[in-house]
Amino acid sequence: DALITNFAGQWLQLRNLERVAPNPMEFPDFDDDLRQGFRRETELFFGSIVREDRSVLDVLKADYTFVNGRLARHYGIPGINGSQFRRVTVTQDARKGVLGQGSILTLTSHPNRTSPVKRGKWVLENLLGSPPPPPPPNVPPLKESADMPRPKTMKERMAEHRANPTCANCHRLMDPIGLSMENFDGVGAWRVRDAGTRIDVTSQLSDGTNVDGVVSLRDSLMRRSDVFVRTMTENLVVYALGRGLTPADQPTV
């Protein structure tokens with residue numbers, strides 16, 4: 001239990017869920033019960049992989065999860081009632097693995113909207129072990145849709161932001177990953193429209209791979225499964241040792 005709660009909380013950043021505060025005007029369905037349900041779902045999910053000695057790749061691709069009635073309604077899963085969590089088969093491809101879970105999708109969003117940058121950074125850092133460099137000082141914030149003559153989609157706004165040469169190098173790494181997850185709103189609910197326009201989740205990753213949503217993003221990660229396994233292993237060794245890694249730790253990894 002301690003391994004599941006503490007390691008998953010540290011590696012997947014589930015602890016940060018306690019600090020997120022989605023705007024109730026934008027996300028009226030969100031409350032503390034949903035927050036706790038998100039965290040419990042991912043803990044039970046990770047715990048099943050540990051206890052059943054499953055492949056760690058199931059973190060990315062497992063076709064099951066754990067929900068109670070509150071979480072099932074949020075995900076649109078019928079026939080689940082009550083507060084008890086139970087294991088269910090995931091029938092929507094986009095929901096498979098952690099990339100479809102509300103915990104990750106909420107903690108990588110801003111209070112009033114999604115954040116392709118935060119989502120892309122989370123994947124690079126926690127799943128691929130390639131954190132982007134910190135942003136340079138005095139980077140202008142992303143323009144909010146309300147401040148524009150006409151509402152623009154997140155993809156349109158990110159394109160304008162990326163036009164700044166100071167921002168372009170890092171954003172080309174993070175943005176395509178995050179934009180491929182735009183069908184999930186700021187609290188992980190499924191949607192097909194943003195700013196009145198159908199969401200365009202097509203993008204090109206920094207290695208040239210074309211993606212058209214979270215399913216193809218996950219497929220791309222699976223093709224680099226050795227990188228994911230090494231990243232998870234490094235995080236597990238950090239947890240075990242209680243310190244950062246040095247070159248002398250690499251043979252152990």
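None of the figures in this text is laboratory data; all of them are computed from the coordinates on show. Source: prediction; values computed, not measured. Backbone-built Cβ (ideal geometry, glycine too); neighbour counts: all protein chains shown.
Within the stretch 17-57, count every residue that is within 30 Å of Asp226 (Cβ to Cβ) and of a type in the set (Gly, Ala, Ser). Reasoning before the result, please.
So in the stretch 17-57, the residues within 30 Å of Asp226 (Cβ to Cβ) come out as 17, 38-39, 41-57.
Now drop any that are not of a type in the set (Gly, Ala, Ser), which leaves 47-48, 55.
Residues flagged as within 30 Å of Asp226 (Cβ to Cβ) and of a type in the set (Gly, Ala, Ser) within the stretch 17-57 amount to 3.
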Original post:
Does Tyr75 satisfy the condition of being farther than 25 Å from Ile199 by Cα and within 18 Å of the chain's Cα centre (by Cα)?
Top reply: no
Subject >> Residue among Ser55, Ser103 that alone is surrounded by 18 or more Cβ atoms within 10 Å (Cβ to Cβ), small (Gly, Ala, Ser) and closer than 29 Å to Gly244 by Cβ >> reply: Ser103
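Which is under 15 Å from the mean Cα position of the chain (by Cα) and either touching a residue at least 24 places away in the same chain (Cβ under 8 Å) or surrounded by 18 or more Cβ atoms within 10 Å (Cβ to Cβ) (or both), of Thr5, Thr65, Thr42? Walk me through it before giving the result.
Working: Thr5 fails: under 15 Å from the mean Cα position of the chain (by Cα); Thr65 fails: under 15 Å from the mean Cα position of the chain (by Cα).
Only one candidate passes the filter, namely Thr42.
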Original post:
Which of (1) out of contact with any Asp or Glu (no Cβ under 6 Å at 6 or more places or on another chain); (2) free of Cβ contacts under 8 Å to residues at least 40 places away in the same chain does Gly100 not meet, given it meets every other one?
Top reply: (2)
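Of the residues Arg35, Arg70, Arg15, which is farther than 29 Å from Asp219 by Cα and in contact with a helix residue (DSSP H, G or I) (Cβ under 7 Å, 6 or more places away or on another chain)? Outline the logic, then answer.
On the way: Arg35 fails: farther than 29 Å from Asp219 by Cα; Arg15 fails: farther than 29 Å from Asp219 by Cα.
After ruling out the rest, the residue left standing is Arg70.
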